[in-house]
Amino acid sequence: CCLEWTTFLMDGTRVEGPNEALVTLGDCDVMQALDMCCPLMNEGERALIEAESRFTYGEKGRGSDIPGNTRLQFEVHLKEFLPGLDVAVMTSEEKVSEGTDKKKRGNELFSLDQFSLAIHSYKRAIHWVDNEDTKHKISSPSQEVKDLQVVCYTNLAQAYLKLDQLPDALESCDKALAINPENTKALFRAAKVHSARGDFSESVKLLQKALAKDPTNKTVSQDLQAARAKVSKQTEAEKEMYKRMVSSGTSNSTSVSESPSGQEQSPDKNKGGWTWLLVGAGAIAAAAVVAGIALQGH
């Protein structure tokens, strides 16, 4: 739809607009307050919307003009509803443009710590250029398309990490690396996920590969040192646990027990007792067999 809006503080101070844009409602193209209210409006209708900060700029705000946790008021004019984009006739460049706009919107939402909404925008960006999507499939994707795919997947992974959704974050990293196995940011993000899961050995491998591609990257270098330290700590903990297990096993094997007669016996002697019982039983069986042969002889 074609939407026009102006933003005010609750004291009437105008802080934004008037803005006019073509937006896809439900795609997080505009603030959540507008995305939720505009579908309830009729074409040509004007509305005054008041919204809490969690539906606008959240706890972080937008700077000095819109501080965090600020309630806002919007004057909105829904000018007209427009038909959706005809994907069948869109060029590759137009699809990339749509995907890029969605990605930028995802970045804006991420900067506001609105990670769930950022995830939605990044997914919509991928939707336009993902080769697995038959509806939007781009045959023989250009390097520009591949680069956009990788950026969207790595950003998606970062947003999932912020929400501690590690399986989804790792899946996004894997998809980015499937497109470009040498991408430093994708390797770095994947290492972050493995570290969060406690798999520091795999994290070290990925960070080493990332550092080989970008030797001057201080962040990667620092994370690599930290991951190596974690691996060393894990190794020492495993060695200590093994020592305790061996020590405990030795202690148990040398412990003594008391026999029914009141005398102490070692486990080896008890074990020997069981051996003699078995041998005795075998001897009795053998004697019975011999006796049977002897009887038959008579």
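The values are calculated or read from the model by the stated rules, or taken from the named source; none is laboratory data. In this text, all values refer to a predicted model and were calculated from it rather than measured experimentally. Methodologically, a virtual Cβ is constructed for each residue, glycine included, from the backbone with ideal geometry; neighbour enumeration extends over all protein chains shown. Heads up: the accessible areas ignore ligands, DNA and RNA and are worked out on the full protein's heavy atoms, side chains in. Shrake-Rupley method; radii C 1.70, N 1.55, O 1.52, S 1.80 Å.
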Of the residues in region 38-54, those that are crowded, with 17+ Cβ neighbours inside 10 Å, over 19 Å from SER121 (Cβ atoms) and in contact (Cβ under 8 Å) with a residue 24 or more places away in the chain come to MET41, ILE49
A careful count of residues in region 109-127 that are open to solvent by 60 Å² or more (accessible area, probe 1.4 Å) and either touching a residue at least 40 places away in the same chain (Cβ under 8 Å) or closer than 21 Å to ILE66 by Cβ (or both) gives 5
Say whether the condition of being within 27 Å of ASN180 (Cβ to Cβ), among the aliphatic types (A, V, I, L, M) and at pLDDT 60 or above is met by at least one residue in region 244-264. no
Across (1) touching a residue at least 12 places away in the same chain (Cβ under 8 Å); (2) surrounded by fewer than 14 Cβ atoms within 10 Å (Cβ to Cβ); (3) over 30 Å from THR154 (Cβ atoms), ALA21 clears everything bar (3)
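Could you identify the single residue in GLU50, GLU59, GLU43 that is of a type in the set (Asp, Glu) and within 27 Å of LYS103 (Cβ to Cβ)?
Values: GLU50 fails: within 27 Å of LYS103 (Cβ to Cβ); GLU43 fails: within 27 Å of LYS103 (Cβ to Cβ).
Going through GLU50, GLU59, GLU43 in turn, the sole match is GLU59.
Could you check region 130-205 for helices (runs of 4 or more DSSP H) lying wholly inside it with 1 or more residues that are modelled with pLDDT of 95 or more, more than 28 Å from GLN234 (Cα to Cα) and open to solvent by less than 20 Å² (accessible area, probe 1.4 Å)?
Where helices (runs of 4 or more DSSP H) fall fully within region 130-205 and carry at least 1 residues being modelled with pLDDT of 95 or more, more than 28 Å from GLN234 (Cα to Cα) and open to solvent by less than 20 Å² (accessible area, probe 1.4 Å), they are 143-162, 166-179.
Just to check your reading of the model, which residue among ASP35, ASP27, ASP11 is without any contact (Cβ under 8 Å) to a residue 40 or more places away in the chain, out of contact with any strand residue (DSSP E or B) (no Cβ under 9 Å at 6 or more places or on another chain) and either in a strand (DSSP E or B) or under 23 Å from SER97 (Cβ atoms) (or both)? Before you say what the answer is, go through the steps one by one.
Values: ASP27 fails: without any contact (Cβ under 8 Å) to a residue 40 or more places away in the chain; ASP11 fails: either in a strand (DSSP E or B) or under 23 Å from SER97 (Cβ atoms) (or both).
Residue meeting the stated conditions: ASP35.
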With the first residue restricted to region 176-194 and required to be more than 14 Å from ASP214 (Cβ to Cβ), and the second required to be among the acidic types (Asp, Glu) and at pLDDT below 95, Cβ contacts under 7 Å at 6 or more apart or on different chains are HIS194/GLU202
Matching residues in region 55-96 (assigned to a loop (DSSP other than H, G, I, E, B), surrounded by fewer than 12 Cβ atoms within 10 Å (Cβ to Cβ) and free of Cβ contacts under 8 Å to residues at least 40 places away in the same chain) number 5
Of the residues in region 58-80, those that are farther than 25 Å from SER116 by Cβ and in contact with a strand residue (DSSP E or B) (Cβ under 8 Å, 6 or more places away or on another chain) number 6
